[in-house]
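The values are calculated or read from the model by the stated rules, or taken from the named source; none is laboratory data. In this text the structure is predicted, and so the values were computed from the model without any measurement. Virtual Cβ from ideal backbone geometry, glycine too; neighbours counted across all protein chains shown. We work out accessible area using only protein heavy atoms, side chains counted, and drop any ligands, DNA or RNA first. Shrake-Rupley method; radii C 1.70, N 1.55, O 1.52, S 1.80 Å.
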Amino acid sequence: MSVGHIGVTTEPEPSCEEDCGIRDVQDRLGDKWTVYVVVELAGGIRRFRELQRLVPGISQRMLTLTLRRLERDGLVTRTVHPTVPPQVEYELTRTGRSMTGLIKALADWSLAHRGVIAEARRAYDERQGGA
(Lines give C-alpha, C1' and ligand atoms only; values in the text may rest on other atoms or scores of the structure.)
Protein backbone atom coordinates (compact mmCIF):
# COMPACT_ATOMS: atom_id res chain seq x y z
CA MET A 1 0.00 0.00 0.00
CA SER A 2 1.40 3.41 -0.94
CA VAL A 3 1.97 6.20 1.57
CA GLY A 4 -0.71 8.33 -0.13
CA HIS A 5 -3.30 5.57 -0.07
CA ILE A 6 -6.05 6.42 2.44
CA GLY A 7 -8.61 3.72 1.64
CA VAL A 8 -9.55 1.22 4.30
CA THR A 9 -8.94 -2.28 3.00
CA THR A 10 -8.17 -4.29 6.12
CA GLU A 11 -11.72 -4.91 7.32
CA PRO A 12 -13.78 -7.63 5.63
CA GLU A 13 -17.31 -6.78 4.49
CA PRO A 14 -19.74 -7.23 7.41
CA SER A 15 -21.86 -10.33 7.34
CA CYS A 16 -25.63 -10.12 7.15
CA GLU A 17 -25.81 -10.95 10.85
CA GLU A 18 -23.87 -7.74 11.59
CA ASP A 19 -25.32 -5.44 8.97
CA CYS A 20 -28.77 -6.57 7.81
CA GLY A 21 -30.92 -3.46 7.70
CA ILE A 22 -28.44 -1.08 9.28
CA ARG A 23 -26.91 0.09 6.03
CA ASP A 24 -30.39 0.53 4.54
CA VAL A 25 -31.48 2.78 7.41
CA GLN A 26 -28.24 4.75 7.35
CA ASP A 27 -28.59 5.27 3.61
CA ARG A 28 -32.08 6.68 4.12
CA LEU A 29 -31.04 9.00 6.92
CA GLY A 30 -27.91 10.04 5.06
CA ASP A 31 -29.88 11.02 1.98
CA LYS A 32 -29.61 14.73 1.23
CA TRP A 33 -33.35 15.42 1.08
CA THR A 34 -34.52 13.12 3.89
CA VAL A 35 -33.05 15.33 6.59
CA TYR A 36 -34.65 18.48 5.19
CA VAL A 37 -38.06 16.83 4.80
CA VAL A 38 -37.99 15.31 8.29
CA VAL A 39 -36.98 18.66 9.80
CA GLU A 40 -39.96 20.34 8.13
CA LEU A 41 -42.36 17.55 9.10
CA ALA A 42 -41.15 17.81 12.70
CA GLY A 43 -43.10 21.08 12.76
CA GLY A 44 -46.36 19.23 12.09
CA ILE A 45 -48.56 18.09 9.24
CA ARG A 46 -47.58 19.51 5.84
CA ARG A 47 -49.11 19.43 2.39
CA PHE A 48 -46.95 18.53 -0.61
CA ARG A 49 -46.69 22.05 -2.07
CA GLU A 50 -45.96 23.44 1.37
CA LEU A 51 -43.07 21.00 1.77
CA GLN A 52 -41.84 21.90 -1.69
CA ARG A 53 -41.74 25.59 -0.72
CA LEU A 54 -40.08 24.86 2.63
CA VAL A 55 -37.28 22.68 1.24
CA PRO A 56 -35.20 24.94 -0.99
CA GLY A 57 -33.89 23.37 -4.17
CA ILE A 58 -35.90 20.14 -4.06
CA SER A 59 -37.62 19.18 -7.29
CA GLN A 60 -41.14 17.80 -7.40
CA ARG A 61 -39.74 14.42 -8.44
CA MET A 62 -37.20 14.27 -5.58
CA LEU A 63 -39.79 15.32 -3.02
CA THR A 64 -42.15 12.63 -4.29
CA LEU A 65 -39.42 9.97 -4.14
CA THR A 66 -38.26 11.07 -0.70
CA LEU A 67 -41.79 11.03 0.72
CA ARG A 68 -42.50 7.62 -0.81
CA ARG A 69 -39.32 6.19 0.67
CA LEU A 70 -40.08 7.67 4.09
CA GLU A 71 -43.62 6.30 3.91
CA ARG A 72 -42.34 2.86 2.87
CA ASP A 73 -39.93 2.89 5.83
CA GLY A 74 -42.78 3.70 8.21
CA LEU A 75 -41.45 7.15 9.07
CA VAL A 76 -44.19 9.19 7.37
CA THR A 77 -47.91 8.74 6.88
CA ARG A 78 -49.72 10.04 3.82
CA THR A 79 -53.36 11.07 4.16
CA VAL A 80 -55.52 11.81 1.13
CA HIS A 81 -58.62 13.90 1.79
CA PRO A 82 -61.53 13.34 -0.63
CA THR A 83 -61.77 16.87 -1.95
CA VAL A 84 -61.55 18.28 -5.47
CA PRO A 85 -58.68 18.46 -6.08
CA PRO A 86 -57.58 15.89 -3.49
CA GLN A 87 -55.64 17.30 -0.56
CA VAL A 88 -52.67 15.19 0.46
CA GLU A 89 -50.98 15.66 3.82
CA TYR A 90 -47.82 14.16 5.25
CA GLU A 91 -46.99 13.61 8.89
CA LEU A 92 -44.21 11.90 10.80
CA THR A 93 -45.15 8.62 12.44
CA ARG A 94 -44.17 7.85 16.01
CA THR A 95 -40.99 6.24 14.68
CA GLY A 96 -40.32 9.24 12.46
CA ARG A 97 -40.78 11.62 15.38
CA SER A 98 -38.39 9.54 17.49
CA MET A 99 -35.50 10.39 15.17
CA THR A 100 -36.03 14.16 15.10
CA GLY A 101 -33.88 14.63 18.21
CA LEU A 102 -31.01 12.80 16.50
CA ILE A 103 -31.35 14.90 13.36
CA LYS A 104 -31.52 18.10 15.39
CA ALA A 105 -28.40 17.10 17.30
CA LEU A 106 -26.59 16.44 14.02
CA ALA A 107 -27.74 19.78 12.60
CA ASP A 108 -26.64 21.60 15.77
CA TRP A 109 -23.25 19.86 15.68
CA SER A 110 -22.85 20.78 11.99
CA LEU A 111 -23.60 24.44 12.67
CA ALA A 112 -21.27 24.56 15.67
CA HIS A 113 -18.37 23.00 13.76
CA ARG A 114 -18.78 24.31 10.22
CA GLY A 115 -16.06 26.95 10.65
CA VAL A 116 -13.55 24.43 12.02
CA ILE A 117 -14.36 22.00 9.20
CA ALA A 118 -14.07 24.72 6.54
CA GLU A 119 -10.66 25.73 7.92
CA ALA A 120 -9.49 22.10 8.02
CA ARG A 121 -10.56 21.64 4.39
CA ARG A 122 -8.78 24.83 3.34
CA ALA A 123 -5.58 23.74 5.09
CA TYR A 124 -5.79 20.24 3.61
CA ASP A 125 -6.34 21.60 0.10
CA GLU A 126 -3.31 23.89 0.50
CA ARG A 127 -1.15 20.95 1.56
CA GLN A 128 -2.39 18.98 -1.44
CA GLY A 129 -1.43 21.72 -3.86
CA GLY A 130 -4.68 23.67 -4.05
CA ALA A 131 -6.80 20.80 -5.34
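Points to keep in mind about this one:
- The accessible area of Asp27, taken with all protein chains in place and a 1.4 Å probe, comes to roughly 100 Å².
- Distance between modelled label sites at Ile45 and Gln87, nm, 7 Å Cα→Cβ extension: 0.8
- Cα centroid separation, segment 24-52 to segment 64-103: 9 Å.
- Nitroxide proxy distance, nm - points 7 Å out along Cα→Cβ at Gln60 and His113: 3.9
- Whole-number accessible area per residue in Å² for segment 53-93, which is evaluated in the context of all protein chains at 1.4 Å: 66
- Backbone HN-Hα couplings from phi across segment 60-75 [Karplus 6.51/-1.76/1.60, Hz, Gly and Pro as x]: 4, 5, 5, 5, 4, 4, 4, 5, 5, 5, 5, 5, 4, 7, x, 9
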